[in-house]
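One structure below.
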Amino acid sequence: MNPINQHEQLVTRRHFFSRASTGIGTAALASLLNERAHGDDAAGSTFPGTAKRVIYLFQNGAPTQVDTYDHKPGLEKLRGTDLPESVQGGQRLTTMTQGKSQKILPSAWKFRPHGECGTYVSDLLPHIGSISDDMCLIRSMYTEAINHAPAITLTLTGSEFPGRPSMGSWLSYGLGSENDELPTFCAMTSRDKEASCGQIFYEWYWGSGFLPTHHQGVKFRGVGDPVLYLSNPSGLDQKLRRKLLDNLSRLNAIKQQEIGDPEITTRIKQYEMAYKMQASVPDLADISTEPQYILDMYGPDVTRRGSFAYNCLLARRLAERGVRFVQLMHAGWDQHGNVPTQLAIQCRDTDQPSAALVKDLKQRGLLDDTLVIWGGEFGRTVFCQGDINNEKAHGRDHHPRNFCSWMAGGGVNGGMTYGKSDDFSYNVAENGVHVHDFQATILHLLGIDHEKLTYRFQGRQFRLTDVFGEVVKPIVS
Amino acid sequence: MRHRFRFEQHLIGTFRISTSDSEAVTLDTPTAPPQPVLDVLVIPAQDWNKEQRELVFEYHRRQSPQYRAATRQLRFNLCELERMQGKFADTMGMRELDNPRETHILTLGKYDAPQRDNGLISHGVPASLPPLPEDASPNRLSLANWLVTPSHPLTARVAVNRVWQQFFGVGLVESPEDFGAQGKQPSHPELLDWLAVDFQKSGWDTKRLIRQIVTSATYRQSALVTNEAQESDPQNIWLSRAPRYRLPAHVIRDQALYLSGLLVEKQGGPSVKPYQPPGLWADFSFGKIKYTQDSGESLYRRSLYTFWRRSLGPPNMFDEADRKLCSVRMRRTNTPLHALTLLNDITYIEAARVFAESLLQTDMDDQQRLAKAFRMMTGRHATDVEKEILANSLQVAKEHYGSNIEAASQLLETGDRAPAEGLDAVEVASLASVLNVVMNADEVISKE
């Protein structure tokens, strides 16, 4: 047999999909389509999704729904009164407010209707208000966890305990990559300038858990190399490296020919890809080619590397290049005692860039198949944490029973609100959306049945939504 | 009367004669208690409060030489204790409660809502497996004994499978963490059982087991993948060839350190903090936790000793278990990020440079050096074609650095190990840049 043909033949489809980080699909797609791969599970076919990629603007620390999206004008006349016990319902609170007085603290900011849909959004978020016709605001989110790390872990991995694959890895596993020069799943982090809250960004928030590790999110960093080990060491020039790598490929090809292990062919490709990434990543991170009016859309912070605004712009550039899942995480929403002082700053830092991202995607025709998600891990209490008479130090405690998130693009119905909280923004009153429902809906938008995308580990089929979750059909167009 | 006070120019203020019935009277004997004790002594003893009593008694005890010696010893021992405690790490132990506490089922782990209606639950082993001996008390010790009892082969099968996996890349049971009904069937059930029973009978002799595996005809086959084998057994489940797989990241690092001669083979001791790109810890922890890199030999210990923070493991240890859920399977992926790590991590650049220096310190010529390096990296001699490729690489590198001497010196600065003296920077940089890349050859980073 001709050695070249043999060489080509050895990269079987199965082999390439099972190990390599990129390709048209992955082992998961094979398992979704192939009943045999699951054995006991009548795996159905996938259906065409409306979204091809996701940008998740994760707001670490739990944004207060009371002051941003959940309009409760009726609360004003109850200011300073005790939250009725019937509303509180004997709930276990955090030790910060358990057993203390629970005086109702209405929002200090005005709400006004936006767009044709007339969705009420607080004056803290005027830019996000301006995209309300593109966005589906969910006002009935709820979760189980009451502390940050478990709640974030639940939202991003489907379990409060670290170790499960995160949403982006599931999508990488399920859908593969659209780009062979950049990772399928990228994560970026930023925080408020005042560093008012100390929620740590754990690596497992973008980890692949028990999925093969090439599905884990690649952290794009705000300092140093954007991707770890991207740069050649000083004194090693790229042109020389190129020539040496060509010789490395020759050595590997000889070995491949001799031993016939298809893994070697994959390795040759990965080294090629690494070399390409050394050019494509700096190109991606170089925003100097962006026209001024685009930079202006994202606001003054956009030129500061590592800021939320910069990351939003980078997210658009990643989406343009076909990166499947971009996970931005911005910390600083944990206003236990600084609602009057810090919340406005926090909103100012995130409002304009979030809205700009949606607008920018839209003007490029990318919003149709890019799903943008904005939300945190839980909400905050309607009652005041701290002394209600000390107006400078008003705070709000953690609140898992009701909060707000929104989605835009990717086939989500724009200009709508879904679900309702009760009059106190304390309990879900209508159409509750549990975190697992939220996840099921995201997968659905990407054309994946959340009950079918599974991975066998320690004796059972695992999935992002665990054994729960229902697609929220009314918000899907 | 003689004045023997050492400050002989001092005048005597008050002259007083004291008498004693003590046998060993010296000038050091305190003649009177200190003032605070005297102040108490003028009070009748029955009126002393607790502190006053303690003051007088302590003064009295201190008059005894035995007591003073004992306290000196005590102080010394306390210091020793402190020193020893600092030296040895604490380790957790387990002890059964005298009265075991009541335990109920916690549905979905809800610790505040025990299922009291379902009654108490107690220790035991799965009903599908042989029971605990009747006379065994249901505790950890019984469980430990039961695990290795010859009446069931499960533990031995699991153990044997793990060792097999270590050598063949995949276990005889592909799901090493799951031998239950949901796990994979063994590919060679008789072999697994034979090895398991033999392992039990040998007194759980791991060395013997390993010897059996590595001296077997199956293990010593060629790794060659024939067309036929690729078609009929692409994943080598039927073991028609020897295993071949990429080494784990920690082994690749150890190997690079070994090749360069940098490896410090010292055993034991606390974890070490080798190279890591700056700012990683500070970044994830908002500056609260900073990584302080070690220096000297700590940089070159085996990867086994590398400090591992669970929230952010060492970044160059790709594909390793992430320390969240128990994981006994080997993970092997093949991504461009791994390539970047092995090409650009300071660990590997420095290793290549020091490797180059050690070769240049011999009186071999370039060709011999490349041949030796290749042999050390792969365990075999290079073929003529391979030699030609290596020679070409070195020539290209020499041409480059010959006209970029500054770049050559820069490359030599990489890593904490000072550049070897008396060597030509262009020579070192050229050979180092070649070795760095060749150390990435599939054959070098694969077990074959």
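The values are calculated or read from the model by the stated rules, or taken from the named source; none is laboratory data. As the structure is a prediction and not an experimental result, all values here were calculated from the model. Here the Cβ positions follow ideal geometry from the backbone for every residue, glycine too, while neighbour counts run over all protein chains shown. These area figures cover heavy atoms from the full protein model, side chains too; ligands, DNA and RNA do not enter into them. Shrake-Rupley method; radii C 1.70, N 1.55, O 1.52, S 1.80 Å.
Taking a ≥ b ≥ c as the square roots of the Cα gyration tensor eigenvalues, the stretch A:43-147 comes out oblate, since a/c reaches at least 1.5 and a/b does not exceed b/c.
Of all the options B:Asn99, B:Asn344, B:Asn49, the one that moves most in a Gaussian network model of chain B with Cα springs shorter than 10 angstrom is B:Asn49. Rounded to the nearest 10 degrees, what's the angle between the helix A:339-363 long axis and the longest principal axis of chain A, both from Cα atoms, 0 to 90? Between the helix axis and the principal axis of chain A, the angle is about 50 degrees. Full extension of the chain segment joining A:Asp237 with A:Phe468 gains 77.9 nm, where the gain is 0.36 nm per residue of separation less the Cα-Cα distance.
Distances between placed amide hydrogens fall under 5 Å for A:Val54 paired with A:Phe325, A:Val326, A:Leu371, all partners being 5 or more residues away or on another chain.
Comparing the stretch B:394-446 with the 2.2 N^0.38 Å rule of thumb, its C-alpha radius of gyration ratio is 1.20 (two decimals). With contributions of -39500 (n - 2.57) from each DSSP H run of at least four residues, the per-residue ellipticity at 222 nm computed over chain A stands at -10000 deg cm²/dmol. Shape verdict for chain B, please, from the Cα gyration tensor: rounded (a/c under 1.5), prolate (a/b greater than b/c) or oblate. Because a/c hits 1.5 or more and a/b fails to exceed b/c, chain B counts as oblate.
For GluC sites (Glu not before Pro), no site in the stretch A:257-315 is both called loop by DSSP and has at most 10 other Cβ atoms within 10 Å. Per residue, the solvent-accessible area of chain A (1.4 Å probe, heavy atoms of protein chains only, all protein chains present) comes to 36 Å². Our note on the geometry: Cα centres of the stretch A:236-279 and the stretch A:53-101, 56 Å apart. Largest first, the three principal axis extents of the alpha carbons in the stretch B:210-263 are 44, 25, 14 Å in whole numbers. Global dimensions of the stretch B:344-447 from alpha-carbon coordinates: Rg and Dmax equal 12.9, 38 Å. Rounded to the nearest 500, the helix-only mean residue ellipticity at 222 nm of chain B stands at -13000 deg cm²/dmol, with each DSSP H run of n ≥ 4 adding -39,500 (n - 2.57). Dividing the mean sequence gap of close Cα pairs (under 8 Å, 6+ apart) by how many residues chain B holds gives a relative contact order of 10 percent. Chain B contacts chain A over a buried accessible area of about 6400 Å², both sides summed; the probe is 1.4 Å and only protein chains count. Phi angles of the stretch A:395-404 translate, via the Karplus equation with coefficients 6.51, -1.76, 1.60 and θ = phi - 60°, into HN-Hα couplings of x, 9, 8, 4, 8, x, 7, 6, 7, 10 Hz per residue; Gly and Pro are given as x. Helix A:435-445 and the long axis of chain A differ in direction by around 50°, with both axes built from C-alpha atoms. Once a ≥ b ≥ c are taken as the square roots of the eigenvalues of the Cα gyration tensor of the stretch B:264-333, is the result rounded (a/c under 1.5), prolate (a/b larger than b/c) or oblate (a/b not larger than b/c)? Cα axes put the stretch B:264-333 in the oblate bin. Applying the Karplus relation 6.51 cos²θ - 1.76 cosθ + 1.60 with θ = phi - 60° to the stretch A:409-426 yields 3J(HN,Hα) values of x, x, x, 7, 5, x, x, 10, 10, 9, x, 9, 9, 6, 5, 9, 6, 10 Hz, where x marks Gly and Pro. Accessible area per residue for the stretch B:124-243 is 59 Å², calculated with a 1.4 Å probe on protein heavy atoms, without ligands, DNA or RNA. The long axis of helix B:346-360 is offset from the longest Cα principal axis of chain B by roughly 80 degrees. Between B:Val225 and A:Gly260, A:Asp261, the built amide H atoms are under 5 Å apart, and every one of these is 5 or more places off in sequence or on another chain. Between B:Gly86, B:Gly379, B:Gly287, the GNM of chain B built on Cα springs shorter than 10 angstrom shows B:Gly86 fluctuating the most.
For A:Arg221, the residues 5 or more places off, or on other chains, whose built amide H falls under 5 Å of its own are A:Val227. Counted over chain A, the DSSP beta bridges are approximately 45% antiparallel. Placing +1 on each Lys and Arg Cβ and -1 on each Asp and Glu Cβ, with no other charges, gives chain B a dipole about its Cα centre of roughly 1160 debye.
If only the Cβ of Lys and Arg carry +1 and only the Cβ of Asp and Glu carry -1, the dipole of the protein assembly as shown around its Cα centre is close to 1120 debye.
What the Cβ-Cβ distance of A:Val223 and B:Ala418 gives, at R0 = 41 Å and to the nearest 0.05, is a FRET efficiency of 0.90.
Taking label positions 7 Å along the Cα-Cβ direction at both A:Ser477 and B:Phe307, the computed distance is 5.3 nm, reported to one decimal.
With the simple spin-label model, which puts each label point 7 Å out from Cα in the Cβ direction, the B:Gln63 to A:Glu272 separation comes to 9.7 nm. Please report the antiparallel percentage of the DSSP beta bridges confined to the protein assembly as shown, to the nearest 5. Bridges in the protein assembly as shown that DSSP calls antiparallel: roughly 45 percent. Taking each residue as 0.36 nm, the span from B:Gln35 to B:Thr218 lengthens on full extension beyond its C-alpha to C-alpha distance by 56.9 nm. Within the listed set B:Leu120, B:Leu412, B:Leu41, the Gaussian network model of chain B (springs between alpha-carbon atoms below 10 Å) gives the highest mean-square fluctuation for B:Leu41. Summary: within chain A, the longest segment free of trypsin sites (Lys or Arg not before Pro) located in DSSP loops with at most 16 other C-beta atoms within 10 Å is A:365-477. Taking R0 as 56 Å, what's the FRET efficiency between A:Lys77 and A:Glu178 from their Cβ-Cβ distance, rounded to 0.05? Between A:Lys77 and A:Glu178 the formula returns 0.60.
Here the stretch A:190-230 and the stretch B:216-281 have alpha carbon centers that stand 27 Å from each other.
Between the alpha-carbon centres of the stretch B:37-62 and the stretch B:109-185 there is a gap of 66 Å.
The modelled label-to-label distance for the pair B:Asn77/B:Val125, using points 7 Å beyond Cα in the direction of Cβ, is 4.5 nm. For the stretch A:164-198, which GluC sites (Glu not before Pro) are in a loop by DSSP, counting at most 16 other Cβ atoms within 10 Å? Sparse-neighbourhood loop GluC sites (Glu not before Pro): A:Glu178, A:Glu194.
Going 7 Å from the Cα of B:Val328 toward and past its Cβ, which residues in the stretch B:170-189 have a backbone nitrogen under 12 Å from where you end up? Flagged as within label range: B:171-180. Each Cα pair under 8 Å and six or more residues apart adds its separation to the average, and for the stretch A:343-434 the resulting relative contact order is 25 percent. Set the Cα radius of gyration of the protein assembly as shown against 2.2 N^0.38 Å, with N its number of residues, and you get 1.18. The mean sequence distance of close C-alpha pairs (under 8 Å, at least 6 residues apart), as a share of the length of the stretch A:88-186, puts its relative contact order at 12 percent.
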